[in-house]
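The structure appears right after this line, and notes come after that.
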Amino acid sequence: MKTFLIENRADYSKYQFNYNLFCIQETVEEIPEIYDSGYLPYSDHQVLQHLEKPVFYMARSVRIRLENFNLTSENKRIRKRIGSVLKPSVSILNKTDLSKKEILDFAYAYAQKRMKGAMPYERLEFIWNHPLLNKVYRFDNQDDTIAYVWTNEHRDMIHYWFSFYDLKYFQLGLGKWIMEQVISLAKEMGKKYIYLGTCYGQKSAYKIRDFRGIEFFDGNTWSTDIKKLKTKCKQDENGKMDKHDFEFLR
């Protein structure tokens, strides 16, 4: 992989002059190494539509070390609730075996209501065509499809990239349930890690609270200090560096 920096906005009031760290995937074999180095796939279609190789960005991402994963009481509660209302099943499918239009229409209906304009149809199509996206988890309730999860699966890892589901089941906790189901299946398949995306602000608290085996990338290494992660998420709004950001220098 090849790494590079792109300058971000300067903020003199906080004395921060930021450069964002990216990398380019050069071979398929290095995908697990890229994720393990703290990178996630960059998917801005307007920036990347003319590039041939996948680009990744470094962020505070989270993953589960699956040997340490087991169900929490919340996971069990949601399982029981879903099972009392639905008769769900899951299929793991190759992207190439699915109808592109059907998938994109389903995803767009969800994105219109839940993603506040961040996922236009063109971006969904760009991600669907992305070479990293190779496996889709389809959740059905009898004859009706209720959710799709788009993933990148490679050797001993899975990246839980995007999920889309029928919002009439939102109050049942369907979103948390499908994430738990994919995590549990990954462990059954003998995978080592499942990556769950970024972890910033209070909106990501469910990843920390509801799943065991969490590790987060702190810019230097993978940490299991969940207390520190929770503190970081609470402090994200002010965006200021403090003495704790320099602990690694000790």
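Would you be able to say whether some residue in the stretch 95-104 is among the aliphatic types (A, V, I, L, M), within 21 Å of LEU185 (Cβ to Cβ), touching a residue at least 60 places away in the same chain (Cβ under 8 Å) and touching a strand residue (DSSP E or B) at 6+ places or on another chain (Cβ under 7 Å)?
Within the stretch 95-104 (the criterion being among the aliphatic types (A, V, I, L, M), within 21 Å of LEU185 (Cβ to Cβ), touching a residue at least 60 places away in the same chain (Cβ under 8 Å) and touching a strand residue (DSSP E or B) at 6+ places or on another chain (Cβ under 7 Å)), the answer is no, since none of the residues qualifies.
Checking the structure you have, find out if any residue of the stretch 67-83 is part of a strand (DSSP E or B), among the aliphatic types (A, V, I, L, M), modelled with pLDDT of 95 or more and surrounded by 15 or more Cβ atoms within 10 Å (Cβ to Cβ). No: the stretch 67-83 contains no residue that is part of a strand (DSSP E or B), among the aliphatic types (A, V, I, L, M), modelled with pLDDT of 95 or more and surrounded by 15 or more Cβ atoms within 10 Å (Cβ to Cβ).
The requirement of being in contact with a strand residue (DSSP E or B) (Cβ under 7 Å, 6 or more places away or on another chain) and at negative phi is satisfied by THR224. For the stretch 159-181, name all the residues that are more than 12 Å from the chain's Cα centre (by Cα) and free of Cβ contacts under 8 Å to residues at least 60 places away in the same chain. Answer for the stretch 159-181, where residues must be more than 12 Å from the chain's Cα centre (by Cα) and free of Cβ contacts under 8 Å to residues at least 60 places away in the same chain: PHE164, TYR165, ASP166, LEU167, LYS168, PHE170, GLN171, GLY175, ILE178.
Among the residues of this structure, SER37 does not count as one that is closer than 26 Å to ALA147 by Cα and either surrounded by 13 or more Cβ atoms within 10 Å (Cβ to Cβ) or among the small types (Gly, Ala, Ser) (or both).
The values are calculated or read from the model by the stated rules, or taken from the named source; none is laboratory data. This one's a predicted model, so the numbers in the text were calculated from it and none came from an experiment. Cβ atoms come from the backbone with ideal geometry, glycine included; neighbour counts cover every protein chain shown.
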